[in-house]
1. Pick out, in residue order, every one of the GluC sites (Glu not before Pro) in region B:202-234 that is DSSP loop and has at most 12 other C-beta atoms within 10 Å; say none if there are none.
2. Choose one answer from A:S340, A:S363, A:S174: the residue with the largest mean-square fluctuation in a GNM of chain A with alpha-carbon springs under 10 Å.
3. Lys/Arg Cβ at +1, Asp/Glu Cβ at -1, dipole of region A:360-420 taken about the Cα centre: which of A:L391, A:L360, A:I406 is farthest positive-ward?
4. Note down, for region B:29-79, the three equivalent ellipsoid semi-axes (square root of 5 times each alpha carbon gyration tensor eigenvalue), biggest first, whole angstrom.
5. Averaging the inverse of every distinct alpha carbon separation and then flipping it gives the Kirkwood radius. What is it for region B:22-126, in angstrom units?
6. Roughly how many whole Å is it from the C-alpha centroid of region A:197-254 to that of region B:373-433?
7. I want to check the label-to-label distance for B:D402 and B:N294. Put each point 7 Å from Cα in the C-beta direction and report it in nm to one decimal.
8. Put the label 7 Å from Cα along Cα→Cβ for B:S3; what are its distances to the other copies, in nanometres, shortest first?
Number of protein chains: 2
Amino acid sequence: MASSWVPDIDPASDFSLANLPFGIISTPADAAPHAAVAIGPWALDLKVLAANADLSQLFPGIDGLFEAFSQPTLNTFASMGRAVHRQVRTALQDLLSESTTHPATLRDNAALRAQALLPQPAVKMHLPMSIGDYTDFYAGYHHAHAVGAMFRGPDHALQPNYLHLPVGYHGRASSIVVSDTPIRRPVGQILLEDPKAAEPKKPVTAPSRKLDIELELGCFIARGNEMGRGVAVDEAEECIFGYVLLNDWSARDVQTWEYVPLGPFNGKNFASTISPWVVLADALEPFRATGIENKTELQGYLREEKEESVFDVRLEVDLTTAEGDTTTICRTSSKHLIWSFPQMIAHHTLGGCPMRAGDLLGSGTISGPGGVDERGSLLEMTENGKKEVLLAGMDARTFLKDGDTITLRGFCGEEGARVGFGACRGRIYSAVQR
Amino acid sequence: MASSWVPDIDPASDFSLANLPFGIISTPADAAPHAAVAIGPWALDLKVLAANADLSQLFPGIDGLFEAFSQPTLNTFASMGRAVHRQVRTALQDLLSESTTHPATLRDNAALRAQALLPQPAVKMHLPMSIGDYTDFYAGYHHAHAVGAMFRGPDHALQPNYLHLPVGYHGRASSIVVSDTPIRRPVGQILLEDPKAAEPKKPVTAPSRKLDIELELGCFIARGNEMGRGVAVDEAEECIFGYVLLNDWSARDVQTWEYVPLGPFNGKNFASTISPWVVLADALEPFRATGIENKTELQGYLREEKEESVFDVRLEVDLTTAEGDTTTICRTSSKHLIWSFPQMIAHHTLGGCPMRAGDLLGSGTISGPGGVDERGSLLEMTENGKKEVLLAGMDARTFLKDGDTITLRGFCGEEGARVGFGACRGRIYSAVQR
């Protein structure tokens, strides 16, 4: 990978020239949200670039890019398809590289640089996509196994369907927020007694006492399928726009009481946080890995030609207390999935369900095979509140306290050429009393 | 209710002057979908009306109506709030009544009448709302009880949470279609053996053999709530735009295998059909009824001041075979709910989940307390395929056959002043082989 003429790129930056993730910004000069890419500590304003550069020179043969980059979401750009994403990202890599073939456009154009290359702290990040539907899967095998063992014992940890199909459920799209949006502790119906106690159950309405995180990888759909037609597993990569980190905040006590028989509801729908920059599918290509082996004889529609069908993104979770002490409570990798996103897409569309540009798929909580410091949820780390996680500052947690900040991070690659996601962060604020 | 000058209104029409439901049409003269109201066998084109009438006379004090009526969905109009819906509907009732105070606008204006009043068969109906999120509840007590008894026995028919909170789950918004959209039988993973049989389970991938209907009432949200703030149950009516009939097609065999532990997924997400005309909340006001009594001591946020918190809509389900024989297989009422829509909204937003204009809430399957001819699903009518429903034409069904057409109908009120929904119809086409 060539190096960039853009100044001040830290070798440890998630946003090297090898990455160029897309996001939606508003700026001091333009309050209407529009497209940008991240490069080092800068946001390159694509609306400004498109308004001032010769697009037919930079992106020959692609129509409608100025309009796409002026939209308040990336949906239009996403729906232009993988070939366009590839061409645009490659052209931007050229534009930003030391040896650019278009030096006059930006590198040597101080006026445009001042307008188009903005320090990230000076721009406001918005939700990158308009999310039509959000589906959360359960493909983190070690998480599913650990949680199942906790509630049903190790012999019945996995349900009979788990190894045959990517189990998932429909989530709530309206409460997906971008990193740094405050998270309000939810109020909910909670059973304070043992849920297995005899009748009659007496719930209370109270702020959740078991507010948790879920460390996930999110996948945005670029182009969908016609209703009634499924997507073949080996063609599903063409449907993928890119990836974000996803923290699917969960109120475990609300969830325990409500989820039978139709699944999680208020325990999940109060908020999910995503990282603001969408790492394009092409940028993750060099970091393919083999997922967890599934020895089950799979149905034909789930059999993949590609063996390396997941990605080895190094994932970390930081908990920062109100006092400002930060502890990394989890280190794992996104390779610990037993189902790939192409398998999830093939399964999701098997019956004809249509996907649309901007739909979000969550991987499910990702945990490593090792100790508690590889677990992607406090539920697992603390065995549902039985054990404490020790923190810096002589503090400890079972579940989250008001004032806690959770930061997910993820990256691949070596220093100087990192492909990372930036922070996926949320701070907990106290519940609204009802 | 005054009578209308509009010709050819059958006294049995769902679309009397007392109704005036809103929908989205395209016409021979204007292919761009836009707003209309139904009156008898006609669609009154609101975009044409708004372009040719003096809006400040007809709807004094309301801005932006031409823009709202020119949109491809009713979301903008819905988000203007209940007071605007009321004023607009009342003004349209005046405009269409024999004794209209604006006779020159439409009644005595043959040229505008010819342009604006179109026979319904000449217009194409579209999905009336852009649906951000779809949530399906389970408030049909008799359905929940019958299905629970079938799978867990009568003593454990209802889960412990059922009488404490409106159980619901997030559905799939992308596969909601308007009446008369063809329904493709879904392919799915199915366990042909008894799901309680010993390991190892061996699923197959095949067209669903247990394709079913669910008779529901759907509720569209007009204005939502800010994230983090709940809606009080006695203020929830203000969030409601109107109602449609909803057939939440279900593949029972797919659902049985997939739904543990996260709820229904591919068994439901292949299609849901709604009726095209949204009956405004005000139009249903005269038909309030008391729902099913819940003797449980409710949490405060679910206690309603209003006793008559549901509606007595007479509901019917017709099954028409490929040969053209029609049998009414169900007659019931939408009053058979144990939770009202305001209670569903209060619960859904309890933890702060934001609702948005255009969100759809389903009541859950509605069944009456009586015999099999009051049941809102074939699952109940046939005891999961054990008994046949006899049809006209010497035919019978356990579940749906390819070529079957299901039509939901619903109406309130007396002849000449009926408030009805029109047809919610879908025909089953054979599965795409994979």
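Here, each number is a calculation from the coordinates, and none is a lab measurement. Since the model is a prediction, treat every value here as computed from it, not as a measurement. Virtual Cβ from ideal backbone geometry, glycine too; neighbours counted across all protein chains shown.
1. Listed in order of number, the matching sites are B:E226.
2. With Cα springs under 10 Å in chain A, the top fluctuation among A:S340, A:S363, A:S174 is at A:S174.
3. Ranked along the dipole, the leading option is A:L360.
4. Taking √(5λ) for each eigenvalue gives 17, 14, 11 Å, largest first.
5. About 13.8 Å, per the Kirkwood formula over Cα pairs.
6. 33
7. With each label placed 7 Å out from Cα toward Cβ, I get 4.3 nm.
8. Here the equivalent label points are 9.0 nm apart from this one.
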